[in-house]
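So the structure is just underneath, and the comments pick up after that.
The values are calculated or read from the model by the stated rules, or taken from the named source; none is laboratory data. All values reported here derive from a predicted model rather than from experimental measurement. Neighbour counts run over all protein chains shown; Cβ positions are idealised from the backbone, glycine included.
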Amino acid sequence: MESQLKFICIRQHMFLDQKYVLLLLPSKITLSQFGKEPKYILELKLHSIISWQLNHQNQLVSFGIIWNRIEKLFHSTHEDLMKLREAIKNQIMFKTVHQLYKPLSLLGGSNLDELYLCSDLIDNKQFQIKCHAKNQFEDSMSRIYNEIQCLNKIKSDYVQRLHEVFTGENTVYLIQEYLDGVNLNELLNRVTLDKPQILIIMKQLLTAVKQIHSQNIMHRDLKPTAIVFQNKDSIEGLKLTDFHLAVPINSQINLSDSGTPGYAAPETFKDNYNEKVDIFSVGCIFFKLVTKRDLFYGKTTNEILKLNRTCKIDLQILQIYKLSQNELNLLKDLLELDPEKRISAESALSHPYFNNDTIQEEQLVNNQQQPLLVQNLLERSNGFFQAKTDNFEKNVEEFLVDSESPNICAVPIFKVLMKDSIISNLQVRKKSKLKKSETQEYSQLNFLNHFQTRKSVHQTIV
């Protein structure tokens, strides 16, 4: 079997150091002395762990593996160790996140995770650390492994990239591409988008969904807070984030988990559905973009969930908006209640709505045609799912939600568990039914600037 990487490393002993040949193979790493069978074998699976050590010049000097419950250290050159780190990242988990990353500030968080801005100690590049608690749910590790595997599989410029993965005693750290822009929910709260801007966002969003679907992944939790822009003051560079509920299409994974009330497709309240759930969520987002209202509005999460579950869509509100025929038709196709008839992302991108030559013409559509178009939508929306939703049974008390309003902090607050934290003099999150992600691996925190948190304001059914 041909090796992908080969170099010499040293195992230090008190009297005589030992030389080993490291071979990186497609499914494992082997370490063997010259002319002998491999003494150490590490499978390239997520349950395997490697630690890294830096010197005072912030260069890699060694890596460690656990063998017979003892950590064995192997020394080599910085260049060879960096090649190994790059080659095996996201195939196995790394240990000792504080050895390689310095936390800078809190970006935000939710019931499911906490986000920090950090910098790589070797090259000072900035990344986002997403902290998942291992004990959040009974199957927390299965969920985390699934998210990592989905992100590894997706190759798209419209998806936030996963850089590498670290594990701590109680926390898994996803090191991800840092996105400097706001999420779509924050953008809608700050500015009023015009029709050309909405078109640009929708084209990017549908392209992202088309690409993940073509790679056999469905997101299952698309919403404005899961759509983040790469740069400040720009609607270009749209990225999909929050793949914690993503699964392979037509997988055998339990699909009882749904999305977010107000954005979940009605068929997600059943146990069998496909990638068309993402299209319905895109329709809900499009509705909010063109009307600045939520498709399912309620004062409480349970009210929203009830409307979302029964899915009696009332589009009469559209009569007061100056929507073109193409906007209405695309909205109708995205919100089609029968998933078999619902448009695909690929077909949606070919919709006349995206014909740039007709944008101005659509904006000048005769408003007298609006009531007829709305009536057609109403007839289409009230028929199919009326009978289908009568037997939906869900206990709304089981659903976990984030705060409805964003928290804006002037000073970073690292949220930790008291029993495991070694970080002192920091405000701790108030009592919660859920255990939060822990950051005990970070022993020193340097706060440089004031900032605003990127706080999730939508609740996810988990």
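Descriptive notes on the structure:
- Residue in the range 254-267 that is in the same structural domain as D338 (by TED's automatic domain parsing), more than 16 Å from I217 (Cα to Cα) and part of a helix (DSSP H, G or I) present: yes
- Matching strands (runs of 3 or more DSSP E) fully within the range 43-148 where at least 2 residues are out of contact with any helix residue (DSSP H, G or I) (no Cβ under 6 Å at 6 or more places or on another chain), in contact (Cβ under 8 Å) with a residue 24 or more places away in the chain and under 28 Å from V159 (Cβ atoms): 49-54, 93-95, 101-109, 114-120, 126-133
- For the condition outside the structural domain of G262 (by TED's automatic domain parsing), part of a loop (DSSP other than H, G, I, E, B) and more than 24 Å from I253 (Cα to Cα), E169 qualifies.
- Only one entry of S110, S62, S51 meets the criterion of being small (G, A, S), modelled with pLDDT under 95 and buried (at least 16 other Cβ atoms within 10 Å of the Cβ), and that entry is S110.
- Top-ranked residue in the range 186-215 [being at pLDDT below 95 and polar (S, T, N, Q); ranked as surrounded by the fewest Cβ atoms within 10 Å (Cβ to Cβ)]: T192
- Flag for G283 being within 20 Å of the chain's Cα centre (by Cα), on the phi > 0 side of the Ramachandran plot and either not aromatic (F, W, Y) or not assigned by TED's automatic domain parsing to the domain that holds K210 (or both): no
- Pairs are defined by a Cβ separation below 7 Å, a sequence spacing of at least 6 or placement on different chains, a first member in the range 206-219 that is over 13 Å from E147 (Cα atoms), and a second member that is aromatic (F, W, Y) and modelled with pLDDT of 95 or more; the pairs so defined are T207/Y158; A208/Y158; Q211/Y158.
- Scan the range 149-166 for residues that are under 20 Å from I212 (Cβ atoms) and assigned to a strand (DSSP E or B) and the total you get is 4.
- Apart from one condition, L174 fits all of (1) at pLDDT 95 or above; (2) under 20 Å from L222 (Cα atoms); (3) assigned to a loop (DSSP other than H, G, I, E, B); the exception is (3).
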